[in-house]
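Have a look at the structure below before the remarks.
The values are calculated or read from the model by the stated rules, or taken from the named source; none is laboratory data. Keep in mind that this is a model prediction, so the values were computed, not measured. Positions of Cβ are generated from backbone atoms using ideal geometry, with glycine treated the same way; all protein chains shown enter the neighbour counts. To get the accessible areas, we keep the full protein, side chains included, count just its heavy atoms, and leave off ligands, DNA and RNA. Shrake-Rupley method; radii C 1.70, N 1.55, O 1.52, S 1.80 Å.
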Amino acid sequence: MHIDWQISPMKEWRADVVLFYAFEDSTETFGGLGRWLTEHPGWAGLLDPPRDFVGKLLQTAIYYGSACEPVARVMLVGLGAAASFDLEKLRNATAAALRKCRELKIARVGLPLPALDGMPTGVAAALREAVIGGTTGLYLYQALTTRKQQPEDFPAALEILAATDPDAGLREAVLDAVRITSGIVLSRDLVTAPANLATPAYLAKTAAELADTYGFTLTVIDLEQAREMGMGLFVAVAQGSREPACLIVVEHCPAGTEQDAPLVFVGKGITFDTGGISIKPSAKMEFMKHDMAGAAAVLGAFKSIGESGLRKRIVGILPCCENMPDGKAYKPGDVLRSLAGLTVEVISTDAEGRLILADALSYALRYKPAAIVDIATLTGACIIALGDRVAAVMGNREEFIDAIRTVGSGVGECLWPLPQWELYCDDLKSEIADFKNVGERKGGAVLGGIFLKQFVPDEVTWAHLDIAGPAWTEKDLMSIPKGATGFGVRTLLELARQWR
Ligand code: BES
Ligand code: ZN
Ligand code: ZN
């Protein structure tokens, strides 16, 4: 969908439909709708009773004008009660409206700036979020279907209708929405792509394309090199698969930032998790293609960072491999030596994410990072603890955890803290190695974090995001259609933007 401005007097706006928002059971016409109505006498009857439309969240109604009107239709979309308004509702309402347009094969949608008048968050932020919500709500993955399920060409254009030249802030809001959406879409595409397509090599190729486009530095470490370097944990997980594994390192280092300590993002890139020898039940195993959502979130954030031309040094480290059962696969009971030199007894080969991340965290230390954030679909236990809409955040600095949560809630990504007290460490003690990779089932999400913590020196600021729940949605969440969500892209991007 093409997004553009249409700047002309209100009377001359042209569109197949113009969109206005409405609060539930509000007697007042919201925003600029009243003004629009006075300029368009042909539409005066729009608000006359009887009305079926009451402004319930996501409710849409279309009104048809006379043939001589330059605007053929007006669509109202509900925001729910005014008192509980937030940007999430605006994103979802816009998605509902644009999806209705797609269903009706409406090509050219006008979003009048006055439709956002009076938004509690200010017009620029509302505009940015409306565009993000609308465009991400139209997300479809049709790369592999030979018969298109949905008319993806509709709507072809979203035009922001303005009577006068929009100020720089408004123009920037639309540009920013496009940058952010492009990162979310990349991440969703990678996570949705099946494991026979989205292999480690495919992720490396994607990283190479980003590097080419935005001037990132790219290093791809293959399994042999990883073995020579001493990444015993990563190598052990990867060795059970015929699919070549790799550790992708992508660095955004704009001129003048070479000496800066970077912010490092580490993303779990298990392109398929069978559980390995500790094999998972086959029911729903197909969803384990999304076990690389952490890596995909980092790549998505890098795309948006590249698009934004951010002047900060950011590094992404993505250990990528499959977790398969095989004659060469690692086994429960094996003791592995990590890049950090610590030894790990494998209790379950299905707790593979923490193993590859541990080596990636050790590798990250070589960059003398200002802070490290790892992001991973790490534990099913996290879904049990927090549900599938919320990620867990753990780490070694309260302030950093708080900062991440604040950033996340500002962009519609919910993160909730879990403790990392020392009392949990006993659970990971091994009889024959420094640690086990799994403790008891109780507190599984916390223990995943505790395991990773062993590989991060106290003086390094670090946080771990467990996105096992929100990386994927089985429900249609309107601005997030069923499937891959792109969760994490916005939090990482915003964190990078607000960094220092
Ligand atoms: N990739 C899974 C975690 C997961 C589960 C992500 C469901 C998304 C949805 C991870 O590698 C795993 O299997 N974890 C185990 C850990 C256990 C063996 C300690 C789990 O959660 O059961
Ligand atoms: Zn697993
Ligand atoms: Zn996994």
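For Lys280, the aspartates and glutamates whose Cα comes closer than 12 Å to its Cα, not counting residues fewer than 8 places off in the same chain, are Asp350. Taking a span of 30 Å or more along the helix axis (Cα atoms) and a mean Kyte-Doolittle hydropathy of at least 0.5 as the rule, the DSSP H helices of the chain that qualify are 168-192. If you take the Cα centroid of the range 85-99 and the Cα centroid of the range 282-344, the two points sit 32 Å apart.
By how many nm would the segment from Arg171 to Lys205 grow when fully extended, if each residue of separation counts as 0.36 nm and the alpha-carbon distance is taken off? Mind dumping the intermediate values first?
Values: separation 34, 0.36 × 34 = 12.24 nm, distance 3.28 nm.
Contour length minus the Cα-Cα distance gives 9.0 nm.
Summing charges over all other residues whose Cβ lies under 12 Å from the Cβ of Gln259, with Lys and Arg as +1 and Asp and Glu as -1, gives 0. Straight-distance candidates among the lysines for linking to Lys368, with alpha-carbon spacing under 18 Å and chain neighbours fewer than 8 residues away dropped: Lys312, Lys453. Taking every Cα-Cα distance in the range 396-495 and sorting them into 5 Å bins starting at zero, the pair-distance distribution P(r) comes out as 2, 11, 19, 19, 18, 14, 10, 5, 2, 0, 0 percent.
Rg/Rh for the range 50-151 (Cα atoms only, Rh after Kirkwood) is 1.00.
Around the amide H of Gln6, modelled in the peptide plane, lie the amide H atoms of Ile160, Leu161, Ala162, all under 5 Å away and 5 or more residues distant in sequence or on another chain. Any number yet on Rg/Rh for the range 234-326, C-alpha, Kirkwood? Expressed as Rg/Rh, it is 1.10. Here the chain exposes an accessible surface that is 52 percent carbon and sulfur, computed with a 1.4 Å probe and the other protein chains kept in place.
Let me know the Kirkwood hydrodynamic radius for the chain, please, with Cα pairs as the basis and the value in Å to one decimal.
Numbers: mean 1/r = 0.0420 Å⁻¹.
One decimal place: 23.8 Å for the Kirkwood radius.
Summarising the strand pairing of the chain, around 40 percent of its internal DSSP beta bridges are antiparallel. Taking other residues whose beta carbon is less than 13 angstrom from the beta carbon of Lys331, and scoring Lys, Arg as +1 and Asp, Glu as -1, yields -4. Other residues with beta-carbon under 15 Å from the beta-carbon of Glu431 carry, at +1 per Lys or Arg and -1 per Asp or Glu, a net charge of -3.
For the chain, what's the relative contact order in percent, using C-alpha pairs closer than 8 Å and at least 6 residues apart? Before the final figure, lay out each step's value.
Details: 1140 pairs, mean separation 73.7, N = 500.
Answer for the chain is 15 percent.
For the chain, the solvent-accessible area of protein heavy atoms averages 41 Å² per residue (probe radius 1.4 Å; ligands and nucleic acids excluded). Over all distinct Cα-Cα pairs of the range 273-382, the Kirkwood formula returns a hydrodynamic radius of 15.7 Å. Have a look at the DSSP beta bridges in the range 1-106 and tell me what percent are antiparallel, nearest 5. Counting DSSP beta bridges with both partners in the range 1-106, the antiparallel share is about 45 percent. Dividing the Cα radius of gyration of the range 232-279 by its Kirkwood radius returns 1.15 for Rg/Rh. Note on the range 140-211: Kirkwood radius taken over Cα pairs, Stokes-Einstein applied at 10 °C and 1.306 mPa s, translational D equal to 104 µm² s⁻¹. In terms of overall dimensions, the C-alpha atoms belonging to the range 172-303 reach 49, 36, 21 Å along their principal axes, ordered largest to smallest. Taking 17 Å as the straight-line reach from the Cα of Lys89, the lysines in range (excluding those fewer than 8 positions away in the same chain) are Lys56, Lys100, Lys475.
Hey, what's the Cα Rg ratio for the range 32-102 versus the globular rule of thumb, 2.2 N^0.38 Å? Could the numbers behind the result be given before it?
On the way: Rg = 13.0 Å, N = 71, 2.2 N^0.38 = 11.1 Å.
Taking the Cα Rg and dividing by 2.2 N^0.38 Å, one obtains 1.17.
Kirkwood's formula applied to the C-alpha pairs of the range 322-372 gives a hydrodynamic radius of 12.2 angstrom.
Derived scalar couplings between HN and Hα for the range 256-266 equal x, 9, 4, 8, 6, 6, x, 8, 10, 9, 10 Hz in order, rounded to whole Hz, by the Karplus curve 6.51 cos²θ - 1.76 cosθ + 1.60 (θ = phi - 60°), x for Gly and Pro.
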